[in-house]
Amino acid sequence: MTPEQVTLVQESFKKVAPIADKAADLFYDRLFTIAPEVRPMFPADLSQQKKKLMQVLATTVTNLHQPEAIMPAVEELDASMSPMA
């Protein structure tokens, strides 16, 4: 990504952050509408999953200029989604 693209993403995310709960609701509602077959992969209560999603997005957006800082958060989210978690 160019520095300008990083800035655009970060500025856009500043508008999403205050409505993180609603954004997560919209994301999962849309996901399960377009891909209902993935719903069983998630817990019935999505509250913790939604928080993790928004935390990973925040970490990712904040660190777009240093991808190595993003990977631990992404790996943690991946691990929490595994059937054994």
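Near PRO36, within a Cβ-to-Cβ distance under 14 Å, what is the net charge of the other residues, with Lys and Arg +1 and Asp and Glu -1? Walk me through the numbers on the way to the answer.
Details: positive: ARG30, ARG39; negative: ASP29, GLU37.
Once all neighbours under 14 Å are counted, the net charge is 0.
Using a simple spin-label model with points 7 Å from Cα along the Cα→Cβ vector, what separation in nm is obtained for ASN63 and PHE42?
For the pair ASN63/PHE42, the computed spacing is 2.4 nm.
Which residues in segment 23-43 place their backbone N less than 20 Å from a point set 7 Å from the Cα of GLN55 along the Cα-to-Cβ direction?
The answer is 23-28, 42-43, whose backbone nitrogens lie closer than 20 Å to the label point.
If I compute solvent accessible area with a 1.4 Å probe over the protein chains, what percent of it on the chain is carbon and sulfur?
Carbon with sulfur: 63 percent of the solvent-accessible area.
Take LEU8, LEU46 and sort them by solvent-accessible surface of the protein heavy atoms, 1.4 Å probe, largest at the top. Don't skip to the answer; put the middle values down first.
Working: LEU8 120, LEU46 20 Å².
Correct descending sequence by accessible area is LEU8, LEU46.
Compare ALA20, ALA44, ALA73 in a GNM of the chain, Cα atoms joined below 10 Å, and give the one with the largest fluctuation.
Of the options given, ALA44 has the highest mean-square fluctuation.
With the crude spin-label approximation of a point 7 Å out along Cα→Cβ, what separation in nm comes out for ALA35 versus LYS22?
Each label point is offset 7 Å from its Cα along the Cβ direction, giving 2.6 nm.
The values are calculated or read from the model by the stated rules, or taken from the named source; none is laboratory data. Not measured: the values here are computed from a predicted model. Neighbour counts run over all protein chains shown; Cβ positions are idealised from the backbone, glycine included. With ligands, DNA and RNA removed, areas are computed over all heavy atoms of the protein, side chains included. Shrake-Rupley method; radii C 1.70, N 1.55, O 1.52, S 1.80 Å.
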